[in-house]
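As structure tokens, the structure follows; a few thoughts come after it.
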Amino acid sequence: MKKKSEKKNEQLRVGVFICDCGSNIAGHLDCKSVTEYAGTLPGVVYTKENLYTCSESGIVEIQKAIKKNDLNRVVVASCSPRTHHPLFASSCEQAGMNPYLFEMVNIRDQCSWVHMGQWDIATSKAKDLVRMGVAKSVSLQPEDEIESSVVRKTLVIGGGIAGLSVSESLAGMGLEVILVEKSGTLGGLMNSLHVLDSGTPAKEQVGKIADKVLNAENITTHVGSEVKEITGYIGNFVITIKSGEETIKETVGSIVVAVGAVPLVEEGLFGYNGKNVITQMELEKRLKSGEVNAQKIVMIQCAGARDETREYCSRICCLTAVKNAMLIKRHNPFADIHILYRDMQMYGDEKEKLLWDARGMGIGFEVYDQNQPPQVEDGKVSFYHSVMGQDKVLEPDLVVLSTPLVARESSAKVAGLMRVPTDKNGFFLEAHAKLRPLDFAADGIFVCGSCRFPVTSVEARTQGIGVAARVASILFKDKLIKSAIIAEIDDESCVGCMGCMNVCPYEAIIFNRDKGVCEVQDILCKGCGNCASTCPSHSALLKGYKPEQLLAQIRAI
């Protein structure tokens with residue numbers, strides 16, 4: 001992007017726009033008074049109060065004002081910059097102003113919402129915040145956005161239903177895919193399942209998708225292979241794959257993590273022995289081979305989950321138990337099946353209907369107390385029925401434990417290759433659960449399927465297709481443009497202590513041994529400011545948040 005630099009000695013002309021945000025802001029402070037006050041601030045030549053500044057009419061109002069009043073700074077006082085700053089900045093750019101000369105003030109989250117019912121206090125604070133925003137805008141400088149090339153190829157790690165769905169979707173868009181699967185076959189856990197809750201054979205469904213992937217001309221599949229090294233950045237990741245004795249190097253524009261999860265198998269859990277006390281996954285295999293001969297069956301829910309070790313609900317355990325119980329009951333109507341549960345989590349109307357159908361088939365559902373879990377010993381299952389308020393003893397031929405999906409042991413290693421986070425349970429941690437549920441914080445790297453959190457096959461496939469759309473939004477660009485709000489290091493004052501390298505979470509800083517100073521790799525920097533806040537020589541600075549800009553705000557307040 002061409003820099004729209006200020007002319008020397010150009011007079012500052014600031015426009016301030018105050019947003020009512022409906023009643024979110026205007027219902028708790030005097031927006032008209034704040035607007036009038038903004039007009040008295042140094043450098044401000046135009047002010048306007050809007051009902052919704054982020055609306056189409058509000059955006060047009062800003063653009064018209066920039067052109068008509070020759071504005072070279074714009075301040076919008078409204079809601080959260082996290083969600084709306086890009087919208088306003090790009091609107092200013094479309095009107096011919098450098099987007100980095102835009103400043104946003106949060107008078108909703110930081111003012112009206114925390115001072116509800118305090119009209120005078122909220123109004124006064126809003127004026128203070130606007131005054132600070134105007135003071136900072138005066139010292140803002142135009143910047144060039146960072147451009148980089150992009151390789152239209154994607155690495156997908158994991159060949160389960162999620163990874164296959166990503167690959168299939170991207171190939172359908174005409175993009176190249178490199179699919180790496182650690183095991184010898186594609187399909188993941190679905191290869192071990194009997195049938196889905198819809199009644200479709202699991203291997204048949206995943207097999208159709210796997211065949212499409214294997215036959216696609218623009219998908220290169222490596223089974224029995226592993227990603228050993230990843231370097232680079234969005235648009236240009238350099239990957240090293242170990243496939244048998246062969247080492248393969250490739251350059252890709254984006255990466256998708258879809259390594260899945262595995263069912264918990266814990267020796268001694270409720271007497272687990274793999275024979276007459278088994279897991280739901282082992283029951284799936286027996287159902288698949290027709291080896292379920294038990295007449296009396298007890299299924300225990302939340303086995304190894306929702307406790308001090310694993311606090312989370314695995315989401316699919318209840319559905320799996322009900323589905324398998326119904327399969328057995330259809331095959332053997334006289335089978336005596338009891339499901340011992342704490343809470344039944346059947347997500348969605350269709351799944352809830354399965355639960356009621358199962359009750360209608362005569363499958364018993366009995367509640368046990370979390371503090372008094374069932375005891376399995378000597379072929380008996382004893383538990384306290386918390387609803388009936390009495391102890392019960394069952395004598396099953398087979399006990400089936402509904403254990404949770406847990407993160408693969410290799411997940412930590414995969415996370416380390418890309419420096420992406422995992423939570424305390426080992427699952428990969430997305431950038432934001434609501435705003436960016438399929439993205440990592442690191443640009444160009446995405447996550448889907450049960451490696452993110454336990455999901456059904458339908459959800460895994462949906463997430464895979466969603467990730468493909470996110471990848472396409474990057475790879476179909478001619479070039480990548482990155483925000484210029486990044487760190488910079490003054491090599492004249494840098495003493496090369498490398499303290500900034502230790503606090504950079506994105507490894508965006510390198511040490512130049514020839515010069516003896518640290519340097520920022522622009523494309524990798526995310527503008528977190530860690531280096532600027534810790535540099536002892538004050539050589540590291542964050543653009544848009546330089547000391548003189550922050551001090552201007554402090555002096556204003």
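The C-beta contact set for region 108-131 (first residue part of a helix (DSSP H, G or I), second residue β-branched (Val, Ile, Thr) and at pLDDT below 95, distance under 8 angstrom, 6+ apart or interchain) comprises Asp128/Ile557; Arg131/Ile557. Among the conditions (1) assigned to a strand (DSSP E or B); (2) among the basic types (Lys, Arg); (3) more than 30 Å from Val150 (Cβ to Cβ), the only one that Lys203 does not satisfy is (1). Here Met190 passes the criteria (1) free of Cβ contacts under 8 Å to residues at least 60 places away in the same chain; (2) assigned to a helix (DSSP H, G or I); (3) surrounded by 16 or more Cβ atoms within 10 Å (Cβ to Cβ) except the one numbered (1).
Mind listing whichever residues of region 295-304 are touching a helix residue (DSSP H, G or I) at 6+ places or on another chain (Cβ under 8 Å) and in a loop (DSSP other than H, G, I, E, B)? Working first, answer last.
Our first condition is that a residue be touching a helix residue (DSSP H, G or I) at 6+ places or on another chain (Cβ under 8 Å); within region 295-304, this holds for 297, 299-304.
Scanning region 295-304 gives Gln301, Cys302, Ala303, Gly304.
Of the candidates Ile59, Ile18, the single residue that is in the same structural domain as Pro99 (by TED's automatic domain parsing), assigned to a strand (DSSP E or B) and either aromatic (Phe, Trp, Tyr) or surrounded by 15 or more Cβ atoms within 10 Å (Cβ to Cβ) (or both) is Ile18.
Residues checked against (1) of a type outside the set (Lys, Arg); (2) modelled with pLDDT under 95; (3) closer than 23 Å to Asp144 by Cβ:
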residue	(1), (2), (3)
Glu6	yes, yes, yes
Val16	yes, no, no
Gly22	yes, yes, no
Ile25	yes, no, no
Ser78	yes, no, no
Pro81	yes, yes, yes
Pro99	yes, no, yes
Asn106	yes, no, no
Ser112	yes, no, no
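Each residue in region 184-241 was checked for being over 28 Å from the mean Cα position of the chain (by Cα) and among the aliphatic types (A, V, I, L, M), and 3 pass. Scanning region 64-91 for residues that are buried (at least 17 other Cβ atoms within 10 Å of the Cβ), free of Cβ contacts under 8 Å to residues at least 60 places away in the same chain and over 24 Å from Trp113 (Cβ atoms) yields a total of 4.
Would you confirm, using the coordinates I've provided, whether Leu287 is in contact with a helix residue (DSSP H, G or I) (Cβ under 7 Å, 6 or more places away or on another chain), within 13 Å of Leu398 (Cβ to Cβ) and of a type in the set (A, V, I, L, M, F, W, C)? Reasoning before the result, please.
Details: in contact with a helix residue (DSSP H, G or I) (Cβ under 7 Å, 6 or more places away or on another chain): yes; within 13 Å of Leu398 (Cβ to Cβ): yes; of a type in the set (A, V, I, L, M, F, W, C): yes.
The answer is yes for Leu287.
Counting the residues of region 500-515 that are of a type in the set (S, T, N, Q) and surrounded by 12 or more Cβ atoms within 10 Å (Cβ to Cβ) gives 1.
Only one entry in Gly426, Gly449, Gly389 is within 21 Å of the chain's Cα centre (by Cα) and farther than 13 Å from Ala258 by Cβ, namely Gly426. Residues of region 471-485 that are surrounded by fewer than 20 Cβ atoms within 10 Å (Cβ to Cβ), under 26 Å from Val259 (Cβ atoms) and either aliphatic (A, V, I, L, M) or in contact with a strand residue (DSSP E or B) (Cβ under 9 Å, 6 or more places away or on another chain) (or both): Ala472, Ile474.
Would it be correct to say that Gly159 is assigned by TED's automatic domain parsing to the domain that holds Thr240, surrounded by fewer than 18 Cβ atoms within 10 Å (Cβ to Cβ) and part of a loop (DSSP other than H, G, I, E, B)? Criteria not met by Gly159.
Considering Ile157, Ile146, Ile161, the condition of being at pLDDT below 95 and among the aliphatic types (A, V, I, L, M) is satisfied by Ile146 alone. Which of (1) of a type in the set (S, T, N, Q); (2) over 30 Å from the mean Cα position of the chain (by Cα); (3) surrounded by fewer than 20 Cβ atoms within 10 Å (Cβ to Cβ) is the odd one out, the single condition Thr309 does not satisfy? Looking at each condition in turn, Thr309 falls short on (2). Counting only residues that are among the charged types (D, E, K, R), touching a residue at least 60 places away in the same chain (Cβ under 8 Å) and in a strand (DSSP E or B), region 162-183 holds 0 of them.
The values are calculated or read from the model by the stated rules, or taken from the named source; none is laboratory data. Since the structure is predicted, the reported quantities are computational estimates derived from the model, not experimental observations. FYI the Cβ positions are ideal-geometry reconstructions off the backbone, even for glycines, and counts take in every protein chain you see.
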